[in-house]
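The values are calculated or read from the model by the stated rules, or taken from the named source; none is laboratory data. All values derive from a computational prediction rather than experimental measurement. Glycine gets a Cβ as well: all are built from the backbone with ideal geometry, and neighbour counts include every protein chain shown.
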């Protein structure tokens, strides 16, 4: 089974591309969804409450408050990542094992910080969803609750798009229409299916 890592900086269209792969019948593991599930787990809430009590509201993790706390302090961010990342990896490994047992041709792992975390080493191929900086910025600032300061903090954590593009095996251009992005995804999906058949001969 081929394991494909999908990534892209904020507001580049990564989530949209992941959705199109799912539409093509490809199993997609979304790291952000896994994190959401983990944050809803009572044991995680207890651990977060010990270190970030201000992020707990009504016995639940307020992700906006937690994000504001860790983005302003690199050490706190590392502490949170040390708690959450191993749990996400556990979910990811279960996902891969399940589809491998079903002889699935390939799966897509949607990982926002794929290169930053060195996760590309575990992938057979990597895809970066990309668009020009001015389009990225306009999309990001159009999001509810996004500010110039918050965007700057997020971008500071992310590898520059130019470097991601240079490392990727494939690039999806999201600068034009969503229909065009869907066509690109469909072509890549077929390429991976063919690659699997070639490997199996």
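Assorted remarks:
- Region 16-36, subset in contact with a strand residue (DSSP E or B) (Cβ under 7 Å, 6 or more places away or on another chain) and part of a helix (DSSP H, G or I), residue surrounded by the most Cβ atoms within 10 Å (Cβ to Cβ): 17
- Pair list, Cβ < 6 Å and 6+ apart or interchain, from region 69-86 residues that are on the phi < 0 side of the Ramachandran plot to residues that are in a loop (DSSP other than H, G, I, E, B): 69/52
- Qualifying residues in region 174-189 (those that are out of contact with any helix residue (DSSP H, G or I) (no Cβ under 7 Å at 6 or more places or on another chain) and closer than 24 Å to residue 119 by Cβ) - the one surrounded by the fewest Cβ atoms within 10 Å (Cβ to Cβ): 184
- Screening the candidates 56, 45 for the property of being modelled with pLDDT of 95 or more, more than 27 Å from residue 149 (Cβ to Cβ) and surrounded by 14 or more Cβ atoms within 10 Å (Cβ to Cβ) yields one hit, 45.
- Just one residue in the set 90, 136 is surrounded by 19 or more Cβ atoms within 10 Å (Cβ to Cβ) and assigned to a helix (DSSP H, G or I); that residue is 136.
- Condition met for residue 11 (part of a loop (DSSP other than H, G, I, E, B), closer than 30 Å to residue 190 by Cβ and at pLDDT 95 or above): yes
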